[in-house]
1. Can you tell me the orientation of helix 63-75 relative to the chain, as the angle in degrees between its alpha-carbon axis and the longest Cα principal axis, to the nearest 10?
2. If each residue of separation counts as 0.36 nm, what is the full-extension length gain between Glu240 and Leu215 once their alpha-carbon separation is subtracted?
3. Gain in length, His307 to Arg121, computed as 0.36 nm per residue apart minus the alpha-carbon separation, to one decimal in nm?
4. Looking at Tyr256, Gly268, Gly36, which one has the Cα that reaches farthest to the positive end of the dipole of the chain (charges on Cβ: Lys, Arg +1; Asp, Glu -1)?
5. If you take every residue apart from Arg316 with its C-beta less than 10 Å away from the C-beta of Arg316, what net charge results, scoring Lys and Arg +1 and Asp and Glu -1?
6. Tell me the volume per residue, in Å³, of the convex hull enclosing the alpha carbons of the stretch 238-369.
7. Using only the alpha carbons of the stretch 63-223, what is the convex hull's orientation-averaged projected area in square nanometres?
8. Quick one: what do you get for the chain if you divide its Cα Rg by 2.2 N^0.38 Å?
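Only the coordinates and a few stated rules stand behind these numbers; no lab work does. The structure presented is a predicted model; accordingly, all values stated were derived computationally and were not measured. For neighbour counting, all protein chains shown are included, and Cβ atoms are generated from backbone atoms with ideal geometry for every residue, glycine included.
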Amino acid sequence: MTDQQEELRCIGCGSVIQTTDQQGLGYTPQSALERGLASGELYCQRCFRLRHYNEIAPVALTDDDFLKLLNQIRDAQALIVYVVDIFDFNGSLIPGLHRFVGDNPVLLVGNKEDLLPRSLRRSKLTDWLRQQANQAGIRPVGTTLVSAKKNHQIEALLDQIEQLRGDRDVYVVGVTNVGKSTLINQIIKQRTGVQDLITTSRFPGTTLDKIEIPLDDGHQLVDTPGIIHQEQMAHVLPAEDLRLVAPQKEIKPKTYQLNDQQTIFLGGLGRFDYLKGPRAGIVAYFDNNLPLHRTKLANADQFYDRHIGELLTPPRTDQLAQLPPLVRYEFKTTVKSDLVFEGLGWITVPKGVTVAVWAPKGVAVLLRPAMI
């Protein structure tokens, strides 16, 4: 690149634009660079995807970068606003959050509440969220539900932040893909009337470092970079497939009456085997676009081999080589439980049954008390 190009910066995050390292900060393809120069709107690939697809890509920040930032939070006098994705709560957990926030109070914010069925009482959901946080060693001073995308309950959240922060700064933390940037943009819009300010303007710092938004009393609301949680489905799927499994509207649960020795495939991304138990109803909570297929367990291996990439999608045939092999996990339930595929969804099963689930290697699978 020329010296002149080295001075070009992304108007979203402020990173120096470069066209050589796809994993590095400020990367943009040469063709996109030329289009951006022509239009006067030059974004790095990460900010372009955030702006147009609401997709947050991981970036090559080192562990030392994150540790340094987390130490700043621990040493600050601040209210911690911890944003989680209700649809993927376990994939939203920041390991060791309670260690690095120190004595600072934590306000737990469950985002994307619009994805869950309206029939689910929000008070029950709030209680469930708080209990799950407690089990992870987090004792929030408040728990609230919002939909940043639909601007639902944002004003109530701001009121709660004002009540809890006292004479302190506010740090907003969360893993990638929980909608934290969308939430920050809604907060800015509520306070300034300006839309999409993070991805169209420059604050001190950058989204890859931190963004400091001034509050009325001289304190700051600080947006921190999304922490990468490697065990989410988002890290094994290409962007075009991710859009097929990341819910954008209210989930419509699918109920199946299963006998033992039956299997349900989750597209080609996962598999649920009902091994042992009475005839029972199981409920699947996945994106409405993800095709589910039921078959006999005895035929499941051959069914998968014959139909993966065609009937069982995603992945598509040309993406099969990129999908890690499916790994099997077996569980026996003692209470009504959710079998969670991190970043994909979950299946609710009754107590006293034995099941097996399969997920791509590297994607976490876990058993938790049922949310619904």
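1. Once rounded, one gets 70 degrees.
2. On the way: separation 25, 0.36 × 25 = 9.00 nm, distance 3.84 nm.
Gain in length upon complete extension: 5.2 nm.
3. On the way: separation 186, 0.36 × 186 = 66.96 nm, distance 3.90 nm.
Extending this stretch completely gives an extra 63.1 nm.
4. Farthest towards the positive end: Tyr256.
5. Working: positive: none; negative: Glu240, Asp241, Glu310, Asp318.
The answer is -4.
6. 95
7. Details: hull surface 36.2 nm².
The Cα convex hull of the stretch 63-223, projected and averaged over all directions, gives 9.1 nm².
8. Details: Rg = 21.8 Å, N = 372, 2.2 N^0.38 = 20.9 Å.
After normalising by residue count via 2.2 N^0.38 Å, the value is 1.04.
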